[in-house]
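Beneath this line is the structure, given in C-alpha cells, with notes to follow.
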Amino acid sequence: MLEKIIGVSVTNVHFNTKNLEPGGLFIPIKGEQSDGHSYIEDAINNGAIATLWNSKIAIPSHLSDRIKFIEVEDTLKSFQTIANSYRKEVNPIVIGITGSNGKTTTKEILAAALSSNYQIHKNSGNYNNHLGVPLTLLTMPENTELCIVEMGMNHQGEISELTKIAEPDFAIITNIGESHIGHLGSRENIAKAKMEIIEGLTYKENILFDGDESLLSILNGYPIKDIHIKDLKQQENKITFNYLENNYVLPTFGLHNAKNSAFAIKLGEILSVDNEKIRQGLHKFRNANMRLEYKEKETNSFLLDCYNSSLTSLKSALNTFESIHTPKHKVAILGDIFELGNESISTHKEIGKITTMYSDFEFWFVGKGMSEAFAIAKDSNTAKYFNNTEALCDFVKKHSVSMQSKYFLLKASRGMSLEKVYENFN
C-alpha cells in the first residue's frame with residue numbers, strides 16, 4: 001500500500017538512521033540542532049533504498065545511483081501527509097488518546113481489552129508527537145484492524161496537527177491536570193489544547209472524556225464518571241472494581257487505573273465487543289516501565305512511578321501507596337515536577353501540605369523544587385531532603401545494607417532520573 005503512495009516498495013520507515021533496516025525509507029528532518037539530510041550516507045549504509053529529500057538541497061551526485069531520492073518541498077510535512085494517506089489506505093478503526101495523565105497506560109489497557117477482537121497496532125513507547133504519530137501510522141501492518149494513537153503536546157495547536165494526521169474514528173481525553181502549565185498558563189488553556197483532538201473526528205460525538213472534569217463539560221459524547229465505579233480496591237498487585245454492574249480485575253497498581261479501564265470498557269461496548277472478552281483482555285494488561293511499576297530487591301519493595309509527574313498524578317500515586325497493605329516500612333521519595341513555570345513554587349508548597357496528611361510513611365524530598373515541600377513537611381513527618389538525585393544515590397550506596405524490609409515509592413518528572421535510586425540499592 002505504501003508503494004502506491006510513494007512509488008517505491010519499502011519495508012520500513014524511520015527518521016533516525018540507527019533504526020533503519022534494509023529496504024527502508026529514510027525521512028531526513030531538519031531540527032534545531034542538526035539536519036537529517038547530513039546523515040544520508042548513514043541511512044544508505046543501514047539499508048535505506050529511498051529517501052525523502054528537500055528539493056532546495058542539491059542531491060549529492062555521488063549518491064544518486066545508490067538510493068532513490070524523492071524530492072519534496074518540506075520533508076516533515078510530506079512525512080505527515082504520507083502517513084495520513086497510508087492511514088486511509090489501511091483504513092483501520094483509529095482511536096486517538098490525549099490527556100494530562102494516563103495516556104500511555106490507557107493506551108495499553110485499551111490494547112489489552114480489545115486484543116481478542118482486533119489486530120491492534122499502537123504507538124511504540126511514547127512516540128506521540130509530530131514525528132511519533134506519523135511514524136506510528138506508517139509502521140502499521142497492512143492487516144491492522146484497530147490503531148491506537150497516543151497524542152502528546154506542550155503547546156496549543158499541536159494536538160490539532162496530530163489529530164488531522166491520524167483522523168481518529170474515536171477519541172479519548174483521560175483528564176485535565178497541570179502538565180505543561182508552564183507553557184500554557186492555566187488548566188483552562190490545557191483543556192482547550194486537549195479538546196483540539198475533536199478537530200480530526202468525523203463524528204464529533206465519538207469522544208470519551210473525564211465526566212468529572214468541569215472544563216470538559218462542553219463536550220457531547222461519552223462522559224466517564226467516578227460515580228459509576230464501585231467497590232474499588234487495591235489487592236496486592238491488582239485492582240478490583242465494578243463498572244456499570246460488571247466486575248473487573250486489572251493486574252496493576254493504582255486505584256485511578258479503574259477509570260482508565262472504564263474508557264476501554266465503554267469503548268468496547270460501543271464497538272459491540274463481548275464483555276467477557278473485555279474482562280479476559282484486561283487480565284493480559286501489563287503496565288509500561290516506570291509507571292507504577294513494581295520491583296523487588298532483596299527484602300525491599302519498590303513502586304517506580306518516575307516516568308513523569310504532575311500534581312494530579314502525584315496525588316494518585318500517594319493514594320495508591322497508602323492503599324497498599326504491607327508490614328514493611330513505607331518511604332515515599334518525591335522528586336521535582338518540571339514545566340510548571342510560575343506555578344512551580346506554589347505547586348511544590350502544595351505538595352508539602354499534602355504530605356502532612358499521610359502519617360503512616362516517611363517522605364524523602366529530592367530537588368530544588370521539592371525544597372519548598374520539605375520546608376513545610378519537615379516538622380510533620382520523618383522527612384529527609386536531598387539537593388538532587390545524585391546526592392540521594394550516594395546516600396543509598398552508603399546505607400542500603402541497613403535499609404531492609406522497606407517499601408519505596410519513587411515519584412518524579414522524567415528529568416530527575418529517579419529510577420537511578422532503585423538501581424543503587426544492593
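Report yes if some residue within the range 276-292 is without any contact (Cβ under 8 Å) to a residue 40 or more places away in the chain, touching an Asp or Glu at 6+ places or on another chain (Cβ under 8 Å) and surrounded by fewer than 19 Cβ atoms within 10 Å (Cβ to Cβ); otherwise report no.
no
Hey, any hits in the range 206-228 for a residue that's in contact (Cβ under 8 Å) with a residue 60 or more places away in the chain and surrounded by 23 or more Cβ atoms within 10 Å (Cβ to Cβ)?
Yes, the conditions are met somewhere in the range 206-228.
State the number of residues belonging to the range 144-156 that are surrounded by fewer than 23 Cβ atoms within 10 Å (Cβ to Cβ), under 15 Å from the mean Cα position of the chain (by Cα) and part of a strand (DSSP E or B).
0
Can you list the strands (runs of 3 or more DSSP E) found entirely within the range 212-265 that contain at least 3 residues being at pLDDT below 95?
Working: elements: 222-224, 229-235, 238-243, 246-250.
Filter on the range 212-265 gives 229-235.
Which one is nearest to N189 (Cα to Cα), of the residues in the range 292-326 that are in contact with a strand residue (DSSP E or B) (Cβ under 9 Å, 6 or more places away or on another chain) and assigned to a loop (DSSP other than H, G, I, E, B)?
Out of the qualifying residues, it is S309.
So is I57 in contact (Cβ under 8 Å) with a residue 12 or more places away in the chain, surrounded by fewer than 20 Cβ atoms within 10 Å (Cβ to Cβ) and in contact with a Leu (Cβ under 8 Å, 6 or more places away or on another chain) or not?
On the way: in contact (Cβ under 8 Å) with a residue 12 or more places away in the chain: yes; surrounded by fewer than 20 Cβ atoms within 10 Å (Cβ to Cβ): yes; in contact with a Leu (Cβ under 8 Å, 6 or more places away or on another chain): no.
When the stated conditions are applied, I57 does not pass them.
Name the pairs: first residue in the range 383-398 and closer than 24 Å to I354 by Cα, second residue among the small types (G, A, S) and assigned to a strand (DSSP E or B), Cβ to Cβ under 8 Å, at least 6 apart or on different chains?
These pairs meet every condition: T389/G335.
H180 fails exactly one of the following numbered conditions: (1) of a type outside the set (K, R); (2) closer than 20 Å to R291 by Cβ; (3) more than 19 Å from the chain's Cα centre (by Cα). What is the number of that condition?
(3)
Considering K297, K259, K266, which residue is outside the structural domain of N154 (by TED's automatic domain parsing) and among the basic types (K, R)? Write out each step before concluding.
Numbers: K259 fails: outside the structural domain of N154 (by TED's automatic domain parsing); K266 fails: outside the structural domain of N154 (by TED's automatic domain parsing).
Going through K297, K259, K266 in turn, just one is outside the structural domain of N154 (by TED's automatic domain parsing) and among the basic types (K, R): K297.
If the requirement is being buried (at least 23 other Cβ atoms within 10 Å of the Cβ), under 27 Å from L340 (Cβ atoms) and touching a Phe, Trp or Tyr at 6+ places or on another chain (Cβ under 7 Å), which of these qualifies: I173, I159? Give the steps one after another, and end with the answer.
Details: I159 fails: touching a Phe, Trp or Tyr at 6+ places or on another chain (Cβ under 7 Å).
Checking each option against the conditions leaves just I173.
With farther than 21 Å from Y307 by Cα, buried (at least 19 other Cβ atoms within 10 Å of the Cβ) and acidic (D, E) as the only criterion, which of E362, E419, E372 stands out? Outline the logic, then answer.
Values: E362 fails: buried (at least 19 other Cβ atoms within 10 Å of the Cβ); E419 fails: farther than 21 Å from Y307 by Cα.
Just one listed residue meets the conditions, E372.
Pull up the range 293-304, narrow it to residues that are modelled with pLDDT under 95 and within 21 Å of the chain's Cα centre (by Cα), then point me to the one that is surrounded by the most Cβ atoms within 10 Å (Cβ to Cβ).
If we take residues in the range 293-304 being modelled with pLDDT under 95 and within 21 Å of the chain's Cα centre (by Cα), then E293 is surrounded by the most Cβ atoms within 10 Å (Cβ to Cβ).
The values are calculated or read from the model by the stated rules, or taken from the named source; none is laboratory data. Bear in mind that the values here come from a model prediction, so they are computed numbers and not experimental data. Heads up, the Cβs are rebuilt from the backbone with ideal geometry, glycines too, and the neighbour counts pull from every protein chain shown.
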